[in-house]
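To start, the structure itself, in structure tokens.
Every number here is computed from the coordinates shown, using simple stated rules; none is lab data. Keep in mind the model is a prediction, meaning the values are calculated, not measured. Quick reminder, even Gly has a Cβ in these numbers, built from the backbone with ideal geometry, and neighbours come from all protein chains shown.
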Amino acid sequence: FKKTSHEYDIGIYKKYVRELIQIANCGFIDTVAHITYPERYMKEAGKDFDYSVFEDDFTRLFEEIAKNGLALEINTSGLRQGIFDTIPKISILELFRKCGGEKITVNITSIQWRFHGCSFILILDKALCRNLKEVTSYEDE
């Protein structure tokens, strides 16, 4: 992403979301994860990304996730990595709820729990937990 244009970056991200929609419809998964993964590399390249550009794309993705009864992964690593937010960000998670999303999978390692678990629970309570039907988590081995 260091040498790509803003227009190219938008195109790549839109393609990524379209592929996530295909994954959400494949019938072989329970959770859709890493929906904001390209942001990591864009930030490393010194680029900021405005997610409002992708609201329609995320709306379509979240509608498919909800329709198929899938969960959306929420990763807490951003709380300890200097992003100071969950991945995906709370504003994106709020859109997920508006689109009918009812299930989340929390990705939180034992190290993360010691440092940010309580903060994460407060964030969930604020943004989502009012109408969620299911919250799942996987433990480290």
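Here are the numbers for this structure:
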| read-out | value |
| --- | --- |
| Extension reserve of the Phe28-Ile12 stretch, reckoned as 0.36 nm per residue once the Cα distance is removed | 3.3 nm |
| Exceeding the 18 Å Cα-Cα cut-off - candidates Lys43/Lys89; Lys67/Lys98; Lys15/Lys98; Lys67/Lys103; Lys14/Lys47; Lys2/Lys47 | Lys15/Lys98 |
| Cα shape, segment 33-92, gyration tensor, a/c 1.5 rule | oblate |
| Computed label-point distance, nm, for sites Lys2 and Lys98 using a 7 Å Cα→Cβ extension | 3.7 |
| Interchain or long-range residues, amide H under 5 Å from Thr31's placed H | Ala71 |
